[in-house]
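> Have a look at this one before I ask anything.
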Amino acid sequence: MACGGFACSKNCLCALNLLYTLVSLLLIGIAAWGIGFGLISSFRVVGVVIAVGVFLFFIALVGLIGAVKHHQVLLFFYMIILLLVFIVQFSVSCACLALNEEQQSELLEVGWSNTNSARTDIERNLNCCGFRVFYPNETCAADCLRTLHCRPCAPIMEEYAGMVLRFVGGIGLFFSFTEILGVWLTYRYRNQKDPRANPSAFI
């Protein structure tokens, strides 16, 4: 059967949802690995990553069940949710790629001021103290504090911020296009006849 038929649409949709399932499990695994090895102590950050992973897993599960059973209701809700996720993810990805250096610096400073646990992780992993200035009465988790020769964290973070935002924006754009592909496949698949069913019935 040529690609574009019922079986091809079903197989493509199943493969796409299997990919989403693997990505969701990878996100949950990375969060657990970060906590297990002490790389991340911020439960807020880990909670967000795990929540995104679980949400993606359930979306993929709904899509997979809908594709296997050719279930009209599940496929409809899957298509709507995937479209909403595409709009949000595409917008966030474009915003990541559009931020200039000044906006990145402001964003880093806001994040630094609002998260104490993430600040500790950054100081320990980047071996730096303070955002732009470190005062002696402040606490710091970096090893460099023993030698009293610590760089501020802002310049180090700014070196990586642009690269990280471009990476996150690029990955987000890639997956946003797979999502719009999923919406198109779901729409097409919902309106196709199952050749194993009654030929006169439109499913």
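> Can you give me the Cα centroid spacing of the range 62-141 and the range 160-189 in angstrom?
Measuring centre to centre over Cα atoms gives 15 Å.
> Which of Arg188, Arg166, Arg146 moves the most in a Gaussian network model of the chain with Cα springs under 10 Å?
Looking only at Arg188, Arg166, Arg146, the largest GNM fluctuation is found for Arg146.
> Moving to a separate point now. In vacuo Debye scattering of the range 115-160, one point per C-alpha: log10 I(q)/I(0) at q = 0.15, 0.20, 0.25, 0.28 Å⁻¹?
-0.30, -0.54, -0.86, -1.07
> So between Leu173 and Ala95, what do we pick up on full extension, going 0.36 nm a residue minus the alpha carbon distance?
Additional length available on full extension: 27.0 nm.
> Taking only Cα atoms and a 10 Å spring cutoff, compute GNM fluctuations for the chain and point out the largest among Gly53, Gly111, Gly182.
Maximum fluctuation in the GNM of the chain, among the listed residues, is at Gly111.
> Return the distance in nm (one decimal) between the two label points of a simple spin-label model at Leu84 and Met163, each offset 7 Å from Cα along Cα→Cβ.
3.7
> Relative contact order of the chain, please, whole-number percent, based on alpha carbon pairs below 8 angstrom and at least 6 residues apart.
Relative contact order for the chain comes out at 26 percent.
> Just want the answer: with Cβ charges of +1 for Lys and Arg and -1 for Asp and Glu, which residue in Gly172, Ala67, Thr139 is farthest toward the dipole's positive end in the range 53-203?
Ala67
> Summing -39500 (n - 2.57) over the DSSP H runs of n ≥ 4 in the chain and dividing by its residue number, what mean residue ellipticity at 222 nm do you reach, to the nearest 500 deg cm²/dmol?
My calculation for the chain gives -26000 deg cm²/dmol from helical runs alone.
> May I ask for the net charge around Asn100, where only other residues with Cβ less than 13 Å from the Cβ of Asn100 are counted and Lys, Arg are +1 while Asp, Glu are -1?
-3
> Gain in length, Leu61 to Ala141, computed as 0.36 nm per residue apart minus the alpha-carbon separation, to one decimal in nm?
Gain on extension, Leu61 to Ala141, equals 24.6 nm.
> May I pose another question? At 1.4 Å probe size, with every protein chain present, just tell me what the per residue accessible area of the chain comes to in Å².
Using a 1.4 Å probe on heavy atoms only, each residue of the chain averages 61 Å².
> Within the range 154-175, list the residues whose amide N lies under 19 Å from a label point set 7 Å along Cα→Cβ of Thr115.
Those under the cut-off are 154-172.
> Enumerate the helices in the chain for which the Kyte-Doolittle hydropathy averages 1.0 or more and the C-alpha atoms extend at least 18 Å along the helix's axis, using complete DSSP H runs.
Once both thresholds are applied, what remains is 6-36, 43-69, 72-98.
The values are calculated or read from the model by the stated rules, or taken from the named source; none is laboratory data. A quick note: this is a predicted structure, and the numbers were derived from the prediction, not measured. Neighbour counts run over all protein chains shown; Cβ positions are idealised from the backbone, glycine included. Each accessible area value is taken on the protein alone, full model and side chains, heavy atoms only, with ligands, DNA and RNA left out. Shrake-Rupley method; radii C 1.70, N 1.55, O 1.52, S 1.80 Å.
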